[in-house]
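Heads up, the thing below is written out as structure tokens.
Rule-based calculations on the coordinates, nothing more; no lab input. Predicted, not measured: the structure shown is a model, and the values here were computed from it. Here the Cβ positions follow ideal geometry from the backbone for every residue, glycine too, while neighbour counts run over all protein chains shown.
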Amino acid sequence: MARYTPSVTQLPRYQLRAPASFLRLFRDDHVPQHLSLDDIGTVEMWALAGLAALARRNGEPALEVANSRTSEAGRFASAVGFEDVVAGLPSTTLGEAGRTIKLQRIRDIQEVERVARRIVDLMLPASEEDETRSTLLYVLVELMRNAVQHSRDPKGGVVAAQLMKAGYAGYPRAVIQVAVADAGVGVLEALRASHPELESPSAALVFALRPHISGTFTKGRTGSAYNAGMGLFFISEMTKLTQGRLLLASRGAALSLRGHEDGYAGAHIEEVAPTGSGFPGTLVAFEIPLGEVHDHAGLIEVIASKARERAPSRDLAPWMRFEKPPEGVSSFVVHPVAEDISGAARLAATIEGHLVRREPVALDFRGMKVCTQSFLHALLFTGVRLSWAVQVPIYVENVAPGVAAGLRLVDNYARGG
């Protein structure tokens, strides 16, 4: 009897707008032993990131993926570096300029900001969409830090991004699709030690979308020097405010969130059916419509205000002052250590020395339009707490609106933790 060969239109389509067909492969944490890209009709970057995370060959892979490169899905996978990531080889090219960021591994914190900035630089030229660049950089750093810090996956994470142009595959407008995947312990296990009240994968995913939630600090705290527990919260809030789309899938459960033109009022979140659909590790994928963010500082402040409303109650009298310092206050220009975590830590030690001696300090942010949250964590988390404890101010001057919003966020969770 002749083998039945389905037509391209009958093959599964792994698209973010309808993720259930992909997530059903891993229902109840099941992982198929083999999968062929020839048996897939359409595959988007987020699904390839998930497959690559499972198929990596450092040790025994969870999944073997065959690719003859004869199908549309197989050719696309090869073009975006799927085989290189699986084999652990460095990519020979960076991807299609302005369109595609190839699949790549991230293994440690030092790689996160470098990769995030390279993705943004490739996706959006410096002369265009500055506010979207700022937003995407912020989200990427927080998202990739989650994969490296919390997954306990010795292979690290896999990240990829693609610009989906208006008209492509039915997209009415251009969107940036970003995905990060790992084959680690999953969200529930990562949170269980600090939040033992969580009993199911779906409850853990809903909980993870709240502000100040992390497996690295206990309930009631709002952060540590390198983690605010804000990554997924910020992504979900950005999704709501930019008419975007978010998928969070992890070990037996998956949530799909869709933004709406009415903002918070119209946003819709649901568990992906059937029950048990998920991903053996953690897979986060989101889309932000290109050009929707016109005021990065304003967007960050709206989200930060939402976080403050839901932060643990505590005396939060601010000691960070956005004003010119009095005469004689020691002032430090931040730009020389911009986005250098080690440099930020050295400057932080100097600042903290002054505060311990009850000497106010001033930070000068001239020349810095944007700072990532992890850089601000390293620079000021402990300093803010010292400032609050000894009631000695930290003055901030020459600060751009987007940087000021990030500083206020650090100020909020450092004093609240």
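A few points about this structure:
- Partner lysines for K306 [C-alpha distance under 27 Å; skip if fewer than 8 residues away on the same chain]: K219, K240, K369
- Of all aspartates and glutamates in the structure, those lying under 19 Å Cα to Cα from K102, and not within fewer than 8 positions of it along the same chain, are E44, E72, E83, D84, E111, E113, D121, D182, E287.
- Label-point gap, in nm, between E261 and R107 - each point 7 angstrom along Cα→Cβ: 4.8 nm
- Highest average first, the peptides 191-203, 400-412 ordered by how many other beta carbon atoms sit within 10 Å of their residues are 400-412, 191-203.
- Length released on extending from Q10 to A338, taking residue separation times 0.36 nm less the Cα-Cα span: 113.0 nm
- The label point for R69 and the one for A169, both projected 7 Å from the Cα toward the Cβ, are 2.2 nm apart.
- Residue-span extension gain [R114 to R99] - 0.36 nm each, minus C-alpha spacing: 3.5 nm
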